[in-house]
Amino acid sequence: MSRAFQASLPLARHGVDRDHATRSDPAALDALWASAEARVLLLHRGRALAATGSNPVGWDGFGSAPEVPVRPVIALTEPRLMAEAVRAAEGDSAPVRLYLGRVTAGSAELPEGSPLFALALDDLLAESYPAPAEWLDLRMVAADLDDVGAGVFTEALAMANWHATHRFCPRCGSSTTVEAGGWVRRCTKEDIELFPRTDAAVIVGIVDADDRLLLGSNALWENNRFSLLAGFVEPGESLESAAVREIGEESGVVIDDPEYVGSQPWPFPASLMVGFMARVSADHEAELRPDGDEILELRWFTRDEIADPRSDVLLPGRSSIARAIVERWFGGPLPERERA
Ligand SMILES: [Zn+2]
């Protein structure tokens with residue numbers, strides 16, 4: 001694994017100490033929430049309230065992002081300055097208060113040690129922030145956020161997604177209550193702790209004997225979009241076995257010894273993308289057989305083809321580990337290409 005590669009992954013960055021010790025101290029959490037240094041990130045339907053900047057609405061994360069007039073910045077608000085309706089919400093209508101940790105990469109606006117929280121607002125509470133308030137999509141802005149912004153948005157979104165689908169105990173169906181600054185839910189019937197889950201997925205940069213890179217076009221995309229092959233790790237499976245199996249299923253290609261290169265969280269809704277590089281096995285013929293279900297087209301690309309300014313191939317967006325793995329093979333940043 002290369003440290004530089006890992007540091008290049010937009011969603012793997014963070015500027016926060018998650019401060020595990022304070023989570024289990026409700027009085028300390030209340031004191032942090034009430035402190036003048038506390039800041040809160042507001043989410044609505046997976047988007048974060050923006051301080052400045054505009055959201056490139058309608059962009060899907062492939063190809064070049066539309067021009068935005070101002071670099072996007074997440075609003076980190078003082079709790080006492082939140083909208084009245086949000087501050088007053090109680091009981092079931094109150095959003096879960098998620099404790100994200102303390103700032104380590106401090107700045108003039110956000111000093112080191114500042115405690116950070118997040119609240120996921122429902123539709124009604126989000127109406128307290130009507131236009132011109134803007135909400136940012138993590139996939140679209142991740143690469144343009146600073147380390148603290150990218151880290152807390154990713155952490156908050158992953159946690160909010162877990163809470164949204166774990167209000168009831170998966171074992172007995174009883175209601176659950178929130179503890180530990182949002183990091184635990186407890187079953188009210190069985191008195192057991194439930195912890196946030198992450199789904200591991202593997203994504204593989206595959207090269208052939210001529211050092212060409214294998215990219216596939218997904219059935220859900222328009223037909224000139226290409227990316228790396230990826231898939232979820234199944235229960236009872238190692239990362240390496242999942243990489244070999246997924247690539248075989250989706251492409252018919254047999255790979256040898258996938259080599260780990262780095263990972264980044266991908267909270268859409270709950271994935272951890274684990275990146276590998278692999279070579280096609282010399283012992284098997286490298287005939288491409290797209291599965292026709294998930295993957296409709298497969299192609300080997302040379303670096304010249306990727307660099308060709310006349311190409312209409314759309315490559316993955318800057319927030320993705322797919323983009324970073326393609327660039328690792330390519331040897332530098334991919335050429336920015338306007339959408340056809
Ligand atoms: Zn239960």
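None of the figures in this text is laboratory data; all of them are computed from the coordinates on show. Keep in mind it's a predicted model, so treat the numbers as computed, not measured. Cβ sites come from the backbone with ideal geometry, for glycine too, and all protein chains shown count toward neighbours.
Sorted largest first, the spans of the alpha carbon positions of the chain along the three principal axes are 63, 50, 34 Å.
For the stretch 206-247, what log10 I(q)/I(0) values come out of the Debye formula at q = 0.15, 0.17, 0.30 1/Å, with one point per alpha carbon and no solvent? So the normalised log intensities work out to -0.48, -0.60, -0.99. Each label point was placed 7 Å from the Cα along the Cα-to-Cβ direction; for ASP147 and ALA85 their separation is 3.8 nm.
Taking the Cβ-Cβ separation of ALA27 and ARG3 as r and a Förster radius of 51 Å, what is the calculated FRET efficiency to the nearest 0.05? All intermediate terms of the calculation are to be shown ahead of the outcome.
Numbers: r = 39 Å, r/R0 = 0.77.
With R0 = 51 Å, the Cβ-Cβ based efficiency is 0.85.
Restricting the trypsin sites (Lys or Arg not before Pro) of the stretch 160-196 to loop positions (DSSP other than H, G, I, E, B) with no more than 15 neighbouring Cβ atoms within 10 Å leaves ARG167, ARG171, LYS189.
At R0 = 35 Å, how high is the FRET efficiency between ASP291 and ASP92 if r is their beta carbon distance? Nearest 0.05 is fine.
On the way: r = 44 Å, r/R0 = 1.27.
After rounding, the FRET efficiency stands at 0.20.
Close amide H contacts of PHE117 (hydrogens built in the peptide plane, cut-off under 5 Å, sequence separation of 5 or more or a different chain): ARG39, VAL40, LEU41, LEU100.
Protection proxy ranking of 313-326, 34-47, by the mean of other Cβ atoms within 10 Å over each peptide's residues and highest first, is 313-326, 34-47.
Rounded to the nearest 20 debye, the dipole size of the chain about its Cα centre is 900 debye, using +1 on the Cβ of Lys and Arg and -1 on the Cβ of Asp and Glu.
Between LEU239 and VAL254, residue separation times 0.36 nm minus the direct Cα-Cα distance comes to 3.8 nm. Over the chain, dividing the summed -39,500 (n - 2.57) contributions of all DSSP H runs of at least 4 residues by the number of residues returns a 222 nm mean residue ellipticity of -6000 deg cm²/dmol.
Per the Cα gyration tensor, the stretch 199-330 maps to an equivalent ellipsoid with semi-axes of 21, 18, 15 Å, ordered largest to smallest. What angle, in degrees between 0 and 90 and rounded to the nearest 10, separates the Cα long axis of helix 321-330 from the longest principal axis of the Cα atoms of the chain? Long axis of 321-330 versus the principal axis of the chain: about 40 degrees.
Backbone geometry of the stretch 225-239 corresponds, through the Karplus equation with coefficients 6.51, -1.76 and 1.60 at θ = phi - 60°, to 3J(HN,Hα) couplings of 9, 10, 8, 6, 7, 8, x, 6, 6, 8, x, x, 10, 7, 4 Hz, x marking Gly and Pro.
Assuming 0.36 nm per residue, please report the length gained on full extension of the stretch LEU334 to ASP199 beyond their Cα-Cα distance.
Working: separation 135, 0.36 × 135 = 48.60 nm, distance 2.87 nm.
Stretched fully, the LEU334-ASP199 segment lengthens by 45.7 nm.
Of the residues ALA180, PHE232, LEU314, the one whose Cα sits farthest toward the positive end of the charge dipole of the chain, with +1 on the Cβ of Lys and Arg and -1 on the Cβ of Asp and Glu, is ALA180.
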